Amino acid sequence: MHRPRVIVTRRWPDEVERRIAAAFDAEFNPDDRPLTPTELRAALARADALLCTVTDRLDAELLAATPRRVRLLANIGVGFNHIDLGAAHGLGITVSNTPDVLTDCTADLAITLLLMAARRAGEGERLVRSGAWHGWAPTQLLGTCVAGKTLGLIGLGRIGKAVARRAHHGFRMRVIFHNRSALPPDELAALGAEPCASIDAVLAQADFVSLHCPGGQGPVLDAARLARMKPSAFLINTARGDVVDEAALIDALQRGTIAGAGLDVYAAEPDVPAALRALDNVVLLPHLGSATRETRTAMGLRALENAEAFFAGREPPDRVSAR
Ligand code: 8YV
């Protein structure tokens, strides 16, 4: 029987690759080098499905190139701003993603960044590693308490809710948020999250601002909005780099109009501006949101489930429909 040909663009945990190899005529990337646009174009021409991810920029021009065989883009990851969804749909290409399975780990990482930024953990770690730590001192590296402070969430989807739960019930923070659509009051009461009418209202009150909205829609935090944050406030970003105007953020951090930031994502990954790397009041992680063995395995298997459903003529459980 003819088995659909799938190309897996990056390396995934062994169990994931074994299961894909058992289900499909699969091509892997054992060197794990991100595919170039030319290689991606060739992959779209020779595979029925791409099991792709955030490092694959699938823009309209690339998707429209001919010859084209691909019918499914089963993205491994929940965010899909690297795929031109409109172009894919216009060409009859189905797109799926992997929600739910990475919610807890990504929320954990947002809290990691929040605590690291508040408690100056990056600076402390650099001090110890440098060999220049001369011992405890009452006023050394004094950070900021999180208990009793206000966390402002921009976006209250799956990951935003998981962050709210942790912050409110775990760290005794007041949680406020702005979300595009209204959410049921009983769910909000259980989370301990209070709605705000606008993003600006969140920014004006929050001691910590954490971003949980999709990328690919222009900066939600531009210079004007960053200026609305308190000078004592921290910005946490585990969403996408382009949700913030990165140049404006660097300027705000340099001028001290905000206190600091914890970042896992950047506008032009893997480039992290030198000006950002030079700042002490930022914690910088290399897009680790979902990076646990368990979660990356679950993400790969979830993409496989979508591909299996698609090629069996069933509805992919995580089809991404037009925005
Ligand atoms: C992924 C993420 O690891 O799923 C996402 O959208 O940001 C990360 O957790 C990575 O982007 C692969 O898609």
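Here's a check for you: in segment 37-59, which residue that is among the acidic types (Asp, Glu) and surrounded by 16 or more Cβ atoms within 10 Å (Cβ to Cβ) is farthest from the ligand (Cβ to nearest atom)? If we take residues in segment 37-59 being among the acidic types (Asp, Glu) and surrounded by 16 or more Cβ atoms within 10 Å (Cβ to Cβ), then Asp48 is farthest from the ligand (Cβ to nearest atom). For the residues Leu203, Leu235, the requirement of being out of contact with any strand residue (DSSP E or B) (no Cβ under 6 Å at 6 or more places or on another chain) and buried (at least 21 other Cβ atoms within 10 Å of the Cβ) singles out Leu203. When we screen Ala274, Ala298 for residues that are of a type in the set (Gly, Ala, Ser) and either within 19 Å of the chain's Cα centre (by Cα) or within 24 Å of Leu153 (Cβ to Cβ) (or both), the only hit is Ala298. For segment 91-99, the criterion of being crowded, with 22+ Cβ neighbours inside 10 Å, away from the ligand (no atom under 16 Å from the Cβ) and more than 25 Å from His287 (Cβ to Cβ) is satisfied by no residue at all. Within segment 285-298, residues that are under 16 Å from Ala261 (Cβ atoms) have Cβ atoms under 7 Å from residues that are more than 8 Å from the ligand (Cβ to nearest atom) and in a helix (DSSP H, G or I) in these pairs: Leu285/Leu113; Leu288/Leu109; Gly289/Leu109, counting only partners at least 6 apart in sequence or on another chain. Within segment 221-241, the residues that satisfy the criterion of being within 16 Å of the ligand (Cβ to nearest atom) and in contact with a helix residue (DSSP H, G or I) (Cβ under 9 Å, 6 or more places away or on another chain) are Ile236, Asn237, Thr238, Ala239. Restricting attention to segment 133-140, does a residue exist that is away from the ligand (no atom under 13 Å from the Cβ) and either touching a strand residue (DSSP E or B) at 6+ places or on another chain (Cβ under 6 Å) or in contact (Cβ under 8 Å) with a residue 60 or more places away in the chain (or both)? No: segment 133-140 contains no residue that is away from the ligand (no atom under 13 Å from the Cβ) and either touching a strand residue (DSSP E or B) at 6+ places or on another chain (Cβ under 6 Å) or in contact (Cβ under 8 Å) with a residue 60 or more places away in the chain (or both). The residues listed here are Leu127, Leu115, Leu142, Leu44; of these, the one that is assigned to a helix (DSSP H, G or I) and over 26 Å from Ala267 (Cβ atoms) is Leu127. Here is a check on your reading of the model: is Gly152 buried (at least 23 other Cβ atoms within 10 Å of the Cβ) and either in contact with a Pro (Cβ under 9 Å, 6 or more places away or on another chain) or within 20 Å of Ala233 (Cα to Cα) (or both)? Criteria met by Gly152. Being within 25 Å of Leu276 (Cα to Cα), aliphatic (A, V, I, L, M) and either away from the ligand (no atom under 16 Å from the Cβ) or out of contact with any strand residue (DSSP E or B) (no Cβ under 6 Å at 6 or more places or on another chain) (or both) holds for only one residue in Leu102, Leu151, Leu63, Leu156, and it is Leu151. The single condition among (1) without any contact (Cβ under 8 Å) to a residue 40 or more places away in the chain; (2) under 30 Å from Leu51 (Cβ atoms); (3) charged (D, E, K, R) that Arg129 does not meet is (2). Every condition in (1) at pLDDT below 95; (2) away from the ligand (no atom under 16 Å from the Cβ) holds for Phe311 except the one numbered (1).
Being away from the ligand (no atom under 16 Å from the Cβ), within 23 Å of Cys145 (Cβ to Cβ) and assigned to a strand (DSSP E or B), is that true of even one residue in segment 247-270? Within segment 247-270 (the criterion being away from the ligand (no atom under 16 Å from the Cβ), within 23 Å of Cys145 (Cβ to Cβ) and assigned to a strand (DSSP E or B)), the answer is yes, since at least one residue qualifies.
Apart from one condition, Pro34 fits all of (1) surrounded by 14 or more Cβ atoms within 10 Å (Cβ to Cβ); (2) not in a loop (DSSP other than H, G, I, E, B); the exception is (2).
Candidates Leu279, Leu288, Leu304: the one that is part of a helix (DSSP H, G or I), surrounded by 13 or more Cβ atoms within 10 Å (Cβ to Cβ), modelled with pLDDT of 95 or more and out of contact with any His (no Cβ under 7 Å at 6 or more places or on another chain) is Leu304. If you check Ala223, Ala259 for being at pLDDT 95 or above, of a type in the set (A, V, I, L, M) and exposed (fewer than 15 other Cβ atoms within 10 Å of the Cβ), only one passes: Ala223. Going through segment 192-217 one residue at a time, which ones are aliphatic (A, V, I, L, M) and part of a loop (DSSP other than H, G, I, E, B)? Listed by number, the residues that qualify are Ala197, Ala206.
The values are calculated or read from the model by the stated rules, or taken from the named source; none is laboratory data. Quick caveat: nothing in here was measured; it's all calculated off a predicted structure. No Cβ is skipped: glycine too gets one built from the backbone with ideal geometry, and neighbour counts run over all protein chains shown.
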